[in-house]
Amino acid sequence: MKVAVINFSGNVGKTTVARHLLLPRMPGASLVAVETINDDQGDHASLRGNQFGDLQDYVQTVDSVVIDIGASNVEQLLALMERYTGSHEDFDFFIVPTVSAFKQQRDTIATLTELRRLGVPSDKLRVVFNMVDKTEDFDRAFEPVLAFARHSRIEGANGACRIGLNEVYELVKQSPVDLHVLADDGTDHKALIAQATDTSEKLVHARRLAARRLARGVVPELDACFAALGLVAPCSAPAPAPAAA
């Protein structure tokens, strides 16, 4: 399965969606970051927006990939996608994260509109509602995007595809550790805190314990969000029947 994570707007959590929602749940997938400003994806591959030809070549050679397109590259990449007619067909889905801020929702609508203009069918579009504040009314907070999706018949704007506000994403931002690995960490940090004689060492284990607790809380939420996305890669065409003898 080949998925692009895209939005004209920054600060919607594209990297969170790519790295923590999609990548761990797509067996064998690689992660490619297309970014010219914030290239902080550790050991993952990184391509510049003007290397669209290289990106196309790479996508053709792999079975499963998540492309994280930085906001500074979206306009240029979409222009190149239009130049390379039909190149949007290389992707099974386009994931558009959004948050409740009005500007980001406006940019989300612009992104969905542009993808449709390029010929991306609506059944390949998915919206992930990110940084959802559980104390707010969801329908009211995301009314612009939800109304646009209804009007445009984009069924992939499913309110069940949501990720709540959680500080764990900031805690692991600069870490290569996957949230699943962090949640499954069996280290007895409380015992190590009790044994430590240095305050700074105690704090290290206390923070790791807190991060693990937070990770254990968000993993089921991410599982539910991914399931609600309904990402099913198209089946390959069946092989032709052998000719009769």
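Length gained on full extension, Asp137 to Asp57: 24.4 nm, using 0.36 nm per residue less the C-alpha separation. Surface listing: Arg117, Arg212, Arg162 arranged by accessible area from highest to lowest gives Arg117, Arg162, Arg212, probe 1.4 Å. For region 115-162, the per residue solvent-accessible surface stands at 57 Å², with DNA, RNA and ligands left out and a 1.4 Å probe. Charge dipole (Cα centre; +1 on Lys/Arg Cβ, -1 on Asp/Glu Cβ; no other charges) of the chain amounts to roughly 460 debye.
Take every pair of alpha-carbon atoms less than 8 Å apart whose residues are at least six positions apart; their mean separation over the length of the chain yields a relative contact order of 20 percent. If each of Lys103 and Glu75 carries a label point 7 Å out from its Cα toward its Cβ, how far apart are those two points in nm? Going by the 7 Å Cα→Cβ label model, 1.4 nm. Note on surface exposure: Glu114, Glu167 rank Glu167, Glu114 by accessible area, highest first, 1.4 Å probe.
Extension gain for the segment Asp90 to Asp223, taken as residue separation times 0.36 nm less the Cα-Cα distance, is 45.3 nm to one decimal. Here the chain has 52 percent of its accessible surface on carbon and sulfur atoms, given a 1.4 Å probe and all protein chains in place. Over the chain, dividing the summed -39,500 (n - 2.57) contributions of all DSSP H runs of at least 4 residues by the number of residues returns a 222 nm mean residue ellipticity of -12500 deg cm²/dmol. When every Cα-Cα distance of the chain is counted in 5 angstrom steps from zero, the calculated P(r) takes the values 1, 6, 13, 16, 18, 15, 11, 7, 5, 3, 2, 1, 1, 0, 0, 0, 0 percent.
The listed residues Leu55, Leu203 rank as Leu203, Leu55 when sorted by accessible area, largest first, using a 1.4 Å probe.
The values are calculated or read from the model by the stated rules, or taken from the named source; none is laboratory data. Just so it is clear, the structure is predicted and the values come from calculations on it, not from any experiment. Don't worry about glycine lacking a Cβ; one is built from the backbone with ideal geometry, like all the others, and counts go over all protein chains shown. Note: areas computed on protein heavy atoms with side chains; ligands, DNA, RNA excluded. Shrake-Rupley method; radii C 1.70, N 1.55, O 1.52, S 1.80 Å.
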